[in-house]
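First comes the structure, then the notes that go with it.
The values are calculated or read from the model by the stated rules, or taken from the named source; none is laboratory data. Computed from a predicted structure; not experimentally measured. Positions of Cβ are generated from backbone atoms using ideal geometry, with glycine treated the same way; all protein chains shown enter the neighbour counts. The area values use the complete protein model at the heavy-atom level, side chains included, leaving out ligands, DNA and RNA. Shrake-Rupley method; radii C 1.70, N 1.55, O 1.52, S 1.80 Å.
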Amino acid sequence: MITTDQTVETFLDYFRERGHRLTPDGSLIPSPEDPVLFTSSGMHPLTPYLRGRPHPLGRRLTGLQRCLRTTDLDEVGDDTHLTVFEMLGSWSLGDYHGPQSLRWGFELLRDGFGIDPNRMHVTVFGGDERVEPDHESWRTWNDLGVPVEPTTDDNWWSNGPTGLCGPDSEIFVWTGDDIPQGTPTSDDRWVEVWNHVMMRYVRHPDGSLEPMHRPCVDTGMGLERLVRILQNTPSVFDIDVFEPWLTTLPRLWGQLDERSLRLLSDHLRSSIVVLGDRVTPSPSGRGHILRRLIRRTLTTLWRDDPTRTLSDLPIELVEHTLEHFRQSAHPQDVRTVLLDEQRKFDLLLQRGRKVLSHRRFSGSLTDDDYRYLHDTHGLPRDLVVYLITGVG
Ligand code: SER
């Protein structure tokens with residue numbers, strides 16, 4: 001069975017053999033000119049080069065990039081979503097065009113990874129009032145014999161409300177036990193693995209689309225999702241890189257229901273990676289996202305048993321994670337911040353319980369109550385709700 005590391009090598013080798021140079025590993029912290037809080041796509045470190053600046057490594061690039069997405073936070077625990085994940089990517093900076101990228105993508109999935117073309121389905125941009133359908137991609141997939149579904153919103157990729165954008169074509173693989181049926185938008189056993197974006201426009205603040213002088217191709221494939229398919233596991237949590245988490249956590253903290261085990265594995269692993277990129281917990285910005293991840297970990301951990309503690313987390317898990325993500329932070333420093341944050345949160349909860357035991361708060365709370373609790377006692381609304389309902 002192919003491992004995650006071998007999957008990465010196969011991908012990068014394939015593109016290196018086709019003239020692509022390997023981009024250096026990027027951090028989760030985007031460059032100041034990028035409007036996003038965290039790198040959430042493999043292309044973020046390349047934004048200036050996609051927009052026209054010559055890249056020192058040339059016009060064909062490939063790489064592996066760690067990413068963080070908080071838009072999917074509530075979906076973490078299902079079979080496909082992770083907070084921190086890795087993205088394999090290939091880029092043409094004004095070099096070859098979309099059809100070439102799609103052909104290579106198809107060939108790599110079929111011949112490099114052995115995915116049966118009968119288990120593939122793709123979607124393409126079907127056009128809207130401003131941009132015509134992506135005929136070129138449509139024709140390419142027809143030539144390759146892969147079924148195509150056109151959509152509008154799902155096949156338009158943009159890097160935020162302004163900036164780079166264009167039609168995309170997504171490749172889905174069937175994960176059901178029986179023969180493939182339906183289409184990607186009608187049956188969620190079609191799992192999206194690879195997105196090929198035809199970056200042709202820059203969107204301006206007034207909403208207008210300016211065609212790029214030098215269109216690019218930006219592709220991104222979720223590594224863990226691909227490995228899930230290659231290792232034929234029921235979810236991304238059952239692939240090799242999660243094995244240490246899934247065996248260690250129940251040993252530390254006893255029986256955990258499936259969703260909690262997945263959430264703890266995802267959030268702890270993600271927190272370690274964010275800390276590994278030298279972010280520390282704080283009330284706003286990146287540090288706030290980190291704080292939310294750690295606090296959700298703790299509320300999940302303490303729901304059934306308040307004596308559980310992150311002090312039990314073996315340093316080897318921290319080391320293993322930092323190593324996997326090629327980060328140089330010291331494991332002991334990462335662990336120290338986690339424990340410090342746990343202590344602060346514990347104290348905050350104790351204070352919150354004491355304040356809320358006051359008669360004034362025995363009925364349902366008004367907006368004024370929440371404001372008072374926040375401004376005078378430093379208790380944020382979501383924390384108060386958690387203390388009252390036990391749901392974090
Ligand atoms: N930018 C595209 C995405 O994130 C392809 O990498 O899906």
Whichever residue in the range 220-265 is part of a helix (DSSP H, G or I), among the β-branched types (Val, Ile, Thr) and surrounded by 15 or more Cβ atoms within 10 Å (Cβ to Cβ) and, among such residues, is farthest from the ligand (Cβ to nearest atom): 248
Verdict on residue 180 being buried (at least 16 other Cβ atoms within 10 Å of the Cβ), touching a Phe, Trp or Tyr at 6+ places or on another chain (Cβ under 9 Å) and part of a loop (DSSP other than H, G, I, E, B): yes
Near pairs, Cβ below 9 angstrom, 6+ apart or cross-chain, from the range 1-16 (closer than 18 Å to residue 105 by Cβ) to any residue that is hydroxyl-bearing (Ser, Thr, Tyr) and in a helix (DSSP H, G or I): 2/10
Residue in the range 127-145 that is under 23 Å from residue 44 (Cβ atoms) and either in contact with a Phe, Trp or Tyr (Cβ under 7 Å, 6 or more places away or on another chain) or of a type outside the set (A, V, I, L, M) (or both) present: no
Cβ pairs under 6 Å, 6+ apart, first in the range 280-299 and under 17 Å from residue 349 (Cβ atoms), second open to solvent by less than 30 Å² (accessible area, probe 1.4 Å) and assigned to a loop (DSSP other than H, G, I, E, B): 291/281
Subset tally (residues that are of a type outside the set (S, T, N, Q), more than 28 Å from residue 48 (Cα to Cα) and either open to solvent by 10 Å² or more (accessible area, probe 1.4 Å) or away from the ligand (no atom under 16 Å from the Cβ) (or both)) for the range 136-175: 13
The one condition in (1) closer than 23 Å to residue 257 by Cα; (2) over 23 Å from the mean Cα position of the chain (by Cα); (3) of a type in the set (A, V, I, L, M) that residue 373 fails to fulfil: (1)
